[in-house]
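Read through the structure below, which is laid out as structure tokens, and then see the notes.
Derivation of every value follows stated rules applied to the coordinates shown; laboratory data play no part. Note that the structure is a prediction, hence the values are computed from the model and not measured. Quick reminder, even Gly has a Cβ in these numbers, built from the backbone with ideal geometry, and neighbours come from all protein chains shown.
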Amino acid sequence: MNDFSFHTPQDAAAAVAAVKKATEGKYLGGGQSLLPVMKLGLAAPTDLVSVGRLAALRGIKVEGKDLVIGAGTTHAEVAESAEVRKALPGLADLAAHIGDAQVRNRGTLGGSLAHDDPSADYPAAALALGATIVTDRRSIPADQFFQGLYQTALAADELITAVRFPIPEKAAYAKFAHPASKFALVGVMVVKGAGGVRVAVTGTGNGVFRDAGLEKALSGKFAASALDGVAVKADGFASDGFASAEYRAHLVGVMARRAVAACGG
Ligand SMILES: Cc1cc2nc3c(=O)[nH]c(=O)nc-3n(C[C@H](O)[C@H](O)[C@H](O)COP(=O)(O)OP(=O)(O)OC[C@H]3O[C@@H](n4cnc5c(N)ncnc54)[C@H](O)[C@@H]3O)c2cc1C
């Protein structure tokens, strides 16, 4: 790992200023993705700017029809929050099944969305729920935020401050987890809300996406039986040492049924 300068700014504006000033600055949330990437030599920032503990980026509250979660809120805090369990129990369950206890105690919501790992869980929730990613300078709809493998709409110095999740009528996430890392071999978030039925899929290899076929079938009847005979194509899905593209496609259907069943459908 290369040498780097470490910054502990006192507020979001100072954090953004520190990244802007650096030759190659990076925000540090929980470090659960960035530090492994640095250890592998795949990133060599000159400056790490710690944001996970900034008070302005922490916290969970219900505002009108939205659940608003600070970007620096850890996965464990989301999993254990009474507000999340009441407003969006499917999101609390998702957070409770990320990685292991250490990962959940350090990793943050903002870090997960910014990193946009193709097997991560939160991107599926943000996309299916039609969340808005709030940054230091604008609000980005989830439909525009995720742009493929590890690619988001964020500028290099843009800081996620919070995420607004519209509170749905029903929502649940089901994942077929890798037995060691717990990352999704396939994860499916199913939501029925003001925006209709939205289904987002993670883990198939090219980044999170909405599945129009599953959404259409569930819009007619929000029940697992509505997915009988609905085939998921493996086109573009990854085949690797963990699963073939065809097996992943099969799992999308199975996880979608489980998620709908968890919604009571
Ligand atoms: C063993 C292991 C198992 C895991 N299992 C899972 C799993 O099952 N499911 C899952 O979804 N994830 C899993 N993860 C990843 C984990 O959830 C990470 O916490 C998450 O991907 C990144 O969050 P972080 O806060 O640690 O971000 P960091 O590692 O600190 O940062 C990641 C990236 O986000 C940027 N960043 C951080 N915060 C912000 C911000 N507020 N605004 C803008 N950019 C920011 C950083 O600059 C960096 O580019 C696992 C990780 C490990 C090590």
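The residues neighbouring Phe176, those whose beta-carbon lies less than 10 Å from its own, together hold a net charge of +3 under the Lys/Arg +1, Asp/Glu -1 convention.
Helical content alone sets the calculated 222 nm signal of the chain at -9000 deg cm²/dmol, taking -39,500 (n - 2.57) per DSSP H segment of four or more residues and averaging over every residue.
Helix 245-262 and the longest principal axis of the C-alpha atoms of the chain enclose an angle of approximately 80°. Running a GNM on the chain with Cα contacts under 10 Å, which residue among Met189, Met255, Met38 ends up with the highest mean-square fluctuation? Looking only at Met189, Met255, Met38, the largest GNM fluctuation is found for Met38. Using C-alpha pairs under 8 Å with a sequence gap of at least 6, the mean separation divided by the residue count of the range 108-185 gives a relative contact order of 32 percent. Short-range pairs are left out: with C-alpha atoms under 8 Å and at least six residues apart, the relative contact order of the chain is 15 percent. In terms of its C-alpha gyration tensor, the range 122-246 comes out oblate, because a/c is 1.5 or above while a/b does not outweigh b/c.
Averaging the Cα positions of each part gives two centres, and for the range 4-36 and the range 60-133 these lie 21 Å apart. Of Ala231, Ala180, Ala153, the residue with the greatest mean-square motion in the GNM of the chain, using alpha carbon springs below 10 Å, is Ala180. Just so you know, the averaged projected area of the alpha carbon convex hull for the chain sits at 13.3 nm². Look at the alpha carbon pairs under 8 Å that are at least 6 residues apart: their mean separation over the length of the range 158-254 gives a relative contact order of 20 percent.
A Förster distance of 25 Å, applied to the separation of the beta-carbon atoms of Ser139 and Ala82, puts the FRET efficiency at 0.40. Ranked by the mean number of other Cβ atoms within 10 Å per residue, highest first, peptides 233-241, 52-60 order as 52-60, 233-241.
Note on the chain: with a GNM built from Cα contacts shorter than 10 Å, the maximum mean-square fluctuation among Gly203, Gly187, Gly25 falls on Gly25.
Measuring between alpha carbons in the structure, the pairs from Lys39/Lys175; Lys39/Lys182; Lys61/Lys216 lying more than 30 angstrom apart are Lys61/Lys216.
Each label was represented as a point 7 Å from its Cα along the Cα-to-Cβ direction; for Thr8 and Ser239 these points are 5.1 nm apart.
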